[in-house]
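In what follows, a single structure is set out as structure tokens and then discussed.
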Amino acid sequence: MKKKKDPFEPRLIEEPLPHRGSLILAFGFLGFITIGITGAIAWYWAAHDIAMMNMGIMDARGIDKTVYGRILGIVSSLGWALLIIVFIFTKALPMISS
């Protein structure tokens, strides 16, 4: 007897999707130049790609570049956010005290 295929069963991918490790790493580096915007994009993409690599859907050979790009994205995004907050407070405090 032939088994009926479940329409909600995930299809098997014979070859995993290519990784974007180099692109994520480049965006992580560019985050230091672009006020953290591309760093935030790298952070988001890396989180998504790492999850796909852990599920076996994406090629896991780029995990190192993806993780390093994620770290650079986090550092650049949070670094720029902290720098902007410090800048705002240093400009606002003299206005409040006078």
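What about residue 22, is it exposed (fewer than 14 other Cβ atoms within 10 Å of the Cβ), of a type in the set (Ser, Thr, Tyr), out of contact with any His (no Cβ under 8 Å at 6 or more places or on another chain) and part of a helix (DSSP H, G or I)?
Criteria met by residue 22.
Can you pull out every residue in segment 41-59 that is modelled with pLDDT of 95 or more, surrounded by fewer than 21 Cβ atoms within 10 Å (Cβ to Cβ) and of a type in the set (Gly, Ala, Ser)?
Result: 47, 51.
For residue 70, state whether it is under 9 Å from the mean Cα position of the chain (by Cα) and of a type in the set (Lys, Arg).
yes
Is there a residue being outside any helix (DSSP H, G or I) and polar (S, T, N, Q) anywhere in segment 81-98?
Yes; the residues of segment 81-98 include at least one that is outside any helix (DSSP H, G or I) and polar (S, T, N, Q).
The values are calculated or read from the model by the stated rules, or taken from the named source; none is laboratory data. This is a predicted model, so every value here is computed, not measured. Here Cβ is always computed from backbone atoms with ideal geometry, including for glycine, and neighbour counts include all displayed protein chains.
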